[in-house]
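A.B. asks: Supplied in structure tokens, the structure appears directly below.
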Amino acid sequence: MQILKFGGTSMSDQKTWKDVLKITGDSEKPVVIVSATARTTRQLIKSAEMAAEGDLQEAIKIAETISERHEGIIRGFFESNGKPLKGELINDCLERINSQTDTLKSYLEDISDTGSLTLQSRDAVAGIGEQISSYLLAKCGEAIGLNSRYVNARDIIKTDSVFGSAQPDLEITKMKSAKITEMLNNGQIPVIGGFIGENERGEPTTLGFEGSDYTASILGEILGAQKITIWTDVSGIYTCDPRVIPGARPIPEISFQQATEMAYFGAKVLHPSTLKPAERKQIPVFVKNLFEPENPGTKIFGKSANSGKAKVISYRKNGVELTLTSDSDNAGHKFLSDVFSLLDRYQMPVDVVNTTEASVIIAVENNPKIPELNEQLMRLGTLEVSNNKGFITLIGLEVNESAEITDRVIRVLGDTKIDLISFSASKKHLTVVLDEAELEMSVKKMHQSLFE
Ligand code: ADP
Ligand code: ASP
Ligand code: MG
């Protein structure tokens, strides 16, 4: 069997749904994982935020826009592909849209009543998109003669209770996914929403942004897939985001380790945790273009030692730089160890850190735990917070070229103010922290100088 994962870009309208179903129908023994339709997750989260801010009316309006968009896709799909006898299927779809919209509205009302948005209620709202898209796609498949069947991801993906970035419990999930194997044995095509799961109390969780890739990989591992294909809107993994850098080059093959690093440092094409389960079982992962299916795309495989040494540039926005200066005269190691214990307590994934005895500069991706961390840091000294920082990471360097490349990067960025620069010899990457406003231009300059 194999896993096919279709992201939000593939799930954008009735025309792409047709392409998705064509690929599904042409594949041998597929299990289909889908994201929410394009823009839906972001809009859902926006609606939850509006409700928490007291604007329930605006929140409900967003819910209705989402509902109407799905109805439009379904009507469009059935009009161009359905036969008259498919009336029942279209009604099932419309009922699903209505019931999920009602669920959404009741979540929004609860959020508005309490006036705050917890990670838990955010997850409940954010997952509605996949709950709609997976059901509808399965029905559209049936309408064109596929044996596709909706599977509720929450019955399969059982997770811990870390709302916002839950981890699946592999053992229970494996037990639950026996149902999928049974369906495959009966010649059915299971269609499952990515990104979402459920904790042991039956409360909705999510695996984090772009988490559908992770669902695909987890199920690939558990079900023993021969391959996993991530279908998206670009022909594989490139040396840099091809939408921003026209000169970016496609990479035909890349190792699990390097692709993971790219994702971690911001290449949106894959969720950073995606590849671990596939790597554990050495299941090759392909990244392919829905709009150009004959293009081979990128193959991710192999042990890191023997494959894929491509150099690539990843970048990320939304960074925060925290500069903490100790107020005490004899700061030293106690100060540093206090700071690092706080980072540990808040499980803060630090990207770049620069220390002297009396001060620390920490660059991290902005996240909901920062305000609380800052309060604690302020007890240790004087804190300066700079928002809107960008990170650029060059991955795949050879140690012997690090000095030359660092030099080149500094030269090519010219007048741009670089806040921090760090080189990791063991990981072979170089990270630059600068103002977000300078980010894209700097990425372009670096890519041009190093690759074009
Ligand atoms: P999906 O909806 O299919 O999950 P995403 O938007 O999450 O799609 O990921 C695909 C996008 O990733 C591409 O449109 C591209 O702009 C972006 N991207 C960023 N970095 C890279 C890269 N190095 N190679 C390919 N695509 C990249
Ligand atoms: N729909 C979710 C998101 O936008 C998950 C995904 O697309 O992978 O983050
Ligand atoms: Mg994605």
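The values are calculated or read from the model by the stated rules, or taken from the named source; none is laboratory data. Values in this document were obtained by computation on a predicted structure and should not be read as measured data. Using ideal geometry, Cβ is built from the backbone for each residue, glycine included, and neighbour counts are taken over all protein chains shown.
A.B. asks: Can you find, within the range 414-452, the residue that is farthest from residue 398 (Cα to Cα) among those that are small (Gly, Ala, Ser) and in a loop (DSSP other than H, G, I, E, B)? Step through it out loud before you land on a result.
C.D. replies: Initially, the range 414-452 is screened for residues small (Gly, Ala, Ser), giving 414, 422, 424-426, 437, 442, 449.
Pick out the ones that are also in a loop (DSSP other than H, G, I, E, B) and you get 414, 425-426.
Numbers: 414: 23, 425: 8, 426: 10 Å.
Ranking the candidates gives 414 first.
A.B. asks: Let me ask you something else. When you check residue 193 against the structure, is it within 27 Å of residue 365 (Cβ to Cβ) and away from ligand 3 (no atom under 16 Å from the Cβ), yes or no? So that I can check it myself, show each step before the final result.
C.D. replies: Numbers: within 27 Å of residue 365 (Cβ to Cβ): yes; away from ligand 3 (no atom under 16 Å from the Cβ): no.
Considered against the rule, which asks whether it is within 27 Å of residue 365 (Cβ to Cβ) and away from ligand 3 (no atom under 16 Å from the Cβ), residue 193 comes out as no.
A.B. asks: Here are some residues: 94, 89. Which one is away from ligand 3 (no atom under 16 Å from the Cβ), touching a residue at least 40 places away in the same chain (Cβ under 8 Å) and more than 28 Å from the chain's Cα centre (by Cα)?
C.D. replies: Criteria check complete, one pass: 89.
A.B. asks: Right, here's the next one. Please go through the range 360-404 and give me each residue that is in contact (Cβ under 8 Å) with a residue 40 or more places away in the chain, assigned to a loop (DSSP other than H, G, I, E, B) and surrounded by 12 or more Cβ atoms within 10 Å (Cβ to Cβ), ordered by number.
C.D. replies: Correct list: 366, 380, 396, 397.
A.B. asks: A follow-up question, please. How many residues does the range 237-256 hold that are crowded, with 20+ Cβ neighbours inside 10 Å and not in a loop (DSSP other than H, G, I, E, B)?
C.D. replies: Number satisfying all stated conditions: 3.
A.B. asks: Out of 4, 44, 89, which single residue is in contact with a Leu (Cβ under 9 Å, 6 or more places away or on another chain) and not aromatic (Phe, Trp, Tyr)?
C.D. replies: Working: 4 fails: in contact with a Leu (Cβ under 9 Å, 6 or more places away or on another chain); 89 fails: in contact with a Leu (Cβ under 9 Å, 6 or more places away or on another chain).
Residue meeting the stated conditions: 44.
A.B. asks: Quick check on the range 326-349. Is at least one of its residues buried (at least 18 other Cβ atoms within 10 Å of the Cβ), assigned to a strand (DSSP E or B) and of a type outside the set (Phe, Trp, Tyr)?
C.D. replies: yes
A.B. asks: Select from the range 164-202 the residues that are surrounded by 17 or more Cβ atoms within 10 Å (Cβ to Cβ) and among the acidic types (Asp, Glu) and write down the one among them that is farthest from ligand 2 (Cβ to nearest atom).
C.D. replies: Here the residue is 169.
A.B. asks: Check residue 25 against each of (1) crowded, with 24+ Cβ neighbours inside 10 Å; (2) away from ligand 3 (no atom under 16 Å from the Cβ) and name the one condition it does not meet.
C.D. replies: Looking at each condition in turn, residue 25 falls short on (1).
A.B. asks: From 10, 47, grab the single residue that is within 16 Å of ligand 3 (Cβ to nearest atom), in contact (Cβ under 8 Å) with a residue 40 or more places away in the chain and surrounded by 22 or more Cβ atoms within 10 Å (Cβ to Cβ).
C.D. replies: Numbers: 47 fails: within 16 Å of ligand 3 (Cβ to nearest atom).
Result: 10 is the single residue among 10, 47 that is within 16 Å of ligand 3 (Cβ to nearest atom), in contact (Cβ under 8 Å) with a residue 40 or more places away in the chain and surrounded by 22 or more Cβ atoms within 10 Å (Cβ to Cβ).
A.B. asks: Looking at the range 115-135, which of the residues that are of a type in the set (Ser, Thr, Tyr) and farther than 19 Å from residue 73 by Cβ is surrounded by the most Cβ atoms within 10 Å (Cβ to Cβ)?
C.D. replies: Of the range 115-135, the ones of a type in the set (Ser, Thr, Tyr) are 116, 118, 121, 133-135.
The next check asks that each one be farther than 19 Å from residue 73 by Cβ; those that pass are 116, 118, 121.
Values: 116: 9, 118: 14, 121: 21.
Going through the qualifying residues, I end up with 121.
A.B. asks: Residue by residue through the range 206-236, note down the ones that are surrounded by 21 or more Cβ atoms within 10 Å (Cβ to Cβ), within 16 Å of ligand 3 (Cβ to nearest atom) and part of a loop (DSSP other than H, G, I, E, B).
C.D. replies: 207, 210, 211, 234, 236
A.B. asks: Now for a separate question. Just a yes or no: is a residue in the range 251-263 of a type outside the set (A, V, I, L, M), modelled with pLDDT of 90 or more and over 20 Å from the mean Cα position of the chain (by Cα)?
C.D. replies: Checked against the condition, which is being of a type outside the set (A, V, I, L, M), modelled with pLDDT of 90 or more and over 20 Å from the mean Cα position of the chain (by Cα), the range 251-263 yields at least one hit.
A.B. asks: Shifting gears a bit: Within the range 410-429, restricting attention to residues that are of a type outside the set (Gly, Ala, Ser) and touching a helix residue (DSSP H, G or I) at 6+ places or on another chain (Cβ under 6 Å), which residue is nearest to residue 259 (Cα to Cα)?
C.D. replies: Top of the filtered list is 423.
A.B. asks: Right, another one. Quick check on this structure: which one of 275, 322 is within 16 Å of ligand 2 (Cβ to nearest atom), at pLDDT 90 or above and in contact with a helix residue (DSSP H, G or I) (Cβ under 7 Å, 6 or more places away or on another chain)? Full working, then the answer.
C.D. replies: On the way: 322 fails: within 16 Å of ligand 2 (Cβ to nearest atom).
Of 275, 322, the one residue that is within 16 Å of ligand 2 (Cβ to nearest atom), at pLDDT 90 or above and in contact with a helix residue (DSSP H, G or I) (Cβ under 7 Å, 6 or more places away or on another chain) is 275.
A.B. asks: How about the range 204-251: which of its residues are among the aliphatic types (A, V, I, L, M) and free of Cβ contacts under 8 Å to residues at least 12 places away in the same chain?
C.D. replies: Taking the range 204-251 and keeping what is among the aliphatic types (A, V, I, L, M), we get 207, 216, 218-219, 222-223, 225, 228, 230, 234, 237, 244-245, 248, 251.
If the condition is that a residue be among the aliphatic types (A, V, I, L, M) and free of Cβ contacts under 8 Å to residues at least 12 places away in the same chain, then no residue fits.
A.B. asks: Answer with yes or no whether residue 174 is of a type outside the set (Asp, Glu), touching a helix residue (DSSP H, G or I) at 6+ places or on another chain (Cβ under 8 Å), away from ligand 1 (no atom under 16 Å from the Cβ) and over 21 Å from residue 146 (Cβ atoms). Give the derivation first.
C.D. replies: Values: of a type outside the set (Asp, Glu): yes; touching a helix residue (DSSP H, G or I) at 6+ places or on another chain (Cβ under 8 Å): yes; away from ligand 1 (no atom under 16 Å from the Cβ): yes; over 21 Å from residue 146 (Cβ atoms): yes.
Yes: the conditions hold for residue 174.
A.B. asks: Right, something else. Would you pick out the residues in the range 400-452 that are acidic (Asp, Glu) and modelled with pLDDT under 90? Before you say what the answer is, go through the steps one by one.
C.D. replies: At the first step, the residues of the range 400-452 found to be acidic (Asp, Glu) are 401, 404, 407, 415, 419, 435-436, 438, 440, 452.
Passing the criteria: 401, 404, 407, 415, 452.
A.B. asks: Taking the options 142, 203, 182, name whichever one is in contact with a strand residue (DSSP E or B) (Cβ under 7 Å, 6 or more places away or on another chain) and among the acidic types (Asp, Glu).
C.D. replies: Values: 203 fails: in contact with a strand residue (DSSP E or B) (Cβ under 7 Å, 6 or more places away or on another chain); 182 fails: in contact with a strand residue (DSSP E or B) (Cβ under 7 Å, 6 or more places away or on another chain).
When all the criteria are applied, what remains is 142.
A.B. asks: Now for a different question. Mind listing just one residue for me: the one in the range 100-120 that is closer than 12 Å to residue 53 by Cα and among the hydrophobic types (A, V, I, L, M, F, W, C) and, of those, nearest to the chain's Cα centre (by Cα)?
C.D. replies: 117
A.B. asks: May I pose another question? Take the conditions over 12 Å from residue 298 (Cβ atoms), within 16 Å of ligand 2 (Cβ to nearest atom) and modelled with pLDDT under 95 and apply them to residue 220. Does it pass?
C.D. replies: Values: over 12 Å from residue 298 (Cβ atoms): yes; within 16 Å of ligand 2 (Cβ to nearest atom): yes; modelled with pLDDT under 95: no.
No.
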